[in-house]
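Q: Below: one structure in structure tokens.
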Amino acid sequence: MRGLLIAMMVLMNVGGPASLIFSLRQANWGAALNTLALLVLLDVLGFWLLSSMREDGPSK
């Protein structure tokens, strides 16, 4: 489960900025802000999940 969560965060942190750049290049400020807010929200959630999994100890 931890590896899947890390893979999701890596892919999101590659795709999120790419989507943000494409929105900014098209001068679509609303979509860019929405993408940025979603990226930050999912990053915070992912880091919180990883830290809670770390506190629970190693998985078997």
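Q: So what is the calculated 222 nm ellipticity per residue for the chain, using -39500 (n - 2.57) for each DSSP H run with n of 4 or more, over all residues, to the nearest 500 deg cm²/dmol?
A: When only DSSP H runs of four or more count, the value is -31000 deg cm²/dmol.
Q: Next question, about the same structure. Using only Cα atoms, find the angle between the long axis of helix 29-56 and the longest principal axis of the chain, and express it within 0 to 90 degrees, rounded to the nearest 10.
A: With both axes taken from Cα atoms, the answer is about 10 degrees.
Q: For the chain, find the longest principal axis of its Cα atoms and tell me its angle to the long axis of helix 2-25, 0 to 90°, nearest 10.
A: Around 10 degrees separate the two axes.
Q: Give me P(r) over the chain, computed from all C-alpha to C-alpha distances, binned every 5 Å, as integer percentages.
A: 4, 18, 23, 18, 13, 9, 7, 4, 2, 1
Every read-out reported here was derived from the displayed coordinates using simple, explicitly stated rules and does not represent laboratory data. Given the structure is predicted, the values throughout are model-derived calculations rather than measurements.
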